[in-house]
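Working notes for the structure below.
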Amino acid sequence: MTYHTILTEQRGRVAIVTLNRPERLNALSMQLVHELYDAFERYNRDSSVGVIVLTGQGRAFCAGLDVQDWENPEPPPNGEPMNYRSQLRWLEMMRESKPVVVAVNGLAVGGGITLILSCDVRIASERAQFEERHVRMGLMPDMGSSRLLVQTVGLAHALRLQLTARRIDAREAERIGLVTDVVPHEELLEAAVAIATEIAAHPVSSLIATKQLVWDNMCEADGHKVLWRETEVEERLMKGPDFAEATRAFIEKRPPRFNG
């Protein structure tokens, strides 16, 4: 697929996907969303890729939904909300994806924040700004962000951001836990690639299993179900080639050599 609204490149085992509509502040058009799906699905199938970095081109990371370039689908005949399937598809893809490091290069507004929340590691440029502005538009948080933001920054900070629609800077985002690191703007992509490279050194089987367990268990009230899922996955991984290689490498006192 030829991309027109994103850029892609690969550095070692790290794939980089860059939102590339700077003239529209990387707002989410239908084409951009379709290209994002294609790139993520392609890299998730590619055994040479261990981690995906997501960032933006220009002065914004993502200004949310591009209402000038979006067509609402016809309501499903079963009475299901019309955007339910599309939003579910994104969250399921991110849950099942290889680890994603997001490098927030500038302004993240509305849907731009929902993109950030579905990523695994979040770092920001010192120039980044964040604005959860759904209520200002007569709307409300979507794509799971009414839960994900609470789990990320806590109830009080989440409600303050979502009810005031106040814009915050990168340091405030770091203080409340929306991002974990703030770096000089010129060093942002290199810092993201460095973290991604560190993660990509581990076996993909363990990385994906860890991600999926965290997603499955983060709202699970039944401790027995949490333990069941963990031991079930652990048993499967202990029978796999990555655990065998890690064990041999430990015994032989050498770095492990994982095959994707």
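The values are calculated or read from the model by the stated rules, or taken from the named source; none is laboratory data. It should be emphasised that the depicted structure is a prediction, and the values quoted were computed from it without experimental measurement. Quick reminder, even Gly has a Cβ in these numbers, built from the backbone with ideal geometry, and neighbours come from all protein chains shown.
Side notes on the structure shown:
- Residue check, A128 in contact with a His (Cβ under 9 Å, 6 or more places away or on another chain), at pLDDT 95 or above, crowded, with 20+ Cβ neighbours inside 10 Å and aliphatic (A, V, I, L, M): yes
- Selected residue [free of Cβ contacts under 8 Å to residues at least 12 places away in the same chain and either touching a Cys at 6+ places or on another chain (Cβ under 6 Å) or under 24 Å from E190 (Cα atoms) (or both)] from E92, E9, E80: E9
- Condition check for T152: within 17 Å of the chain's Cα centre (by Cα), in a helix (DSSP H, G or I), under 20 Å from G111 (Cα atoms) and modelled with pLDDT of 95 or more: yes
- Residue in the stretch 36-49 that is in the same structural domain as A124 (by TED's automatic domain parsing), β-branched (V, I, T) and modelled with pLDDT of 95 or more present: yes
- Matching option when the condition is within 17 Å of M218 (Cβ to Cβ) and either in contact with a strand residue (DSSP E or B) (Cβ under 7 Å, 6 or more places away or on another chain) or surrounded by fewer than 13 Cβ atoms within 10 Å (Cβ to Cβ) (or both), among V104, V100, V109, V150: V100
- Residues being touching a Lys or Arg at 6+ places or on another chain (Cβ under 7 Å) and either in a loop (DSSP other than H, G, I, E, B) or without any contact (Cβ under 8 Å) to a residue 24 or more places away in the chain (or both) - total across the stretch 118-132: 1
- The helices (runs of 4 or more DSSP H) falling completely within the stretch 170-260 that include 2 or more residues that are over 23 Å from L155 (Cα atoms) and either touching a residue at least 24 places away in the same chain (Cβ under 8 Å) or outside the structural domain of V49 (by TED's automatic domain parsing) (or both) map to 188-200, 204-217, 223-238, 241-252.
- V135 of a type in the set (V, I, T), surrounded by fewer than 20 Cβ atoms within 10 Å (Cβ to Cβ), assigned to a helix (DSSP H, G or I) and in contact (Cβ under 8 Å) with a residue 24 or more places away in the chain: yes
- Those residues of the stretch 78-95 which are in a loop (DSSP other than H, G, I, E, B) and among the hydrophobic types (A, V, I, L, M, F, W, C), in sequence order: M82
- Of all positions in the stretch 81-91, none carries a residue that is more than 30 Å from S205 (Cα to Cα) and at pLDDT 95 or above.
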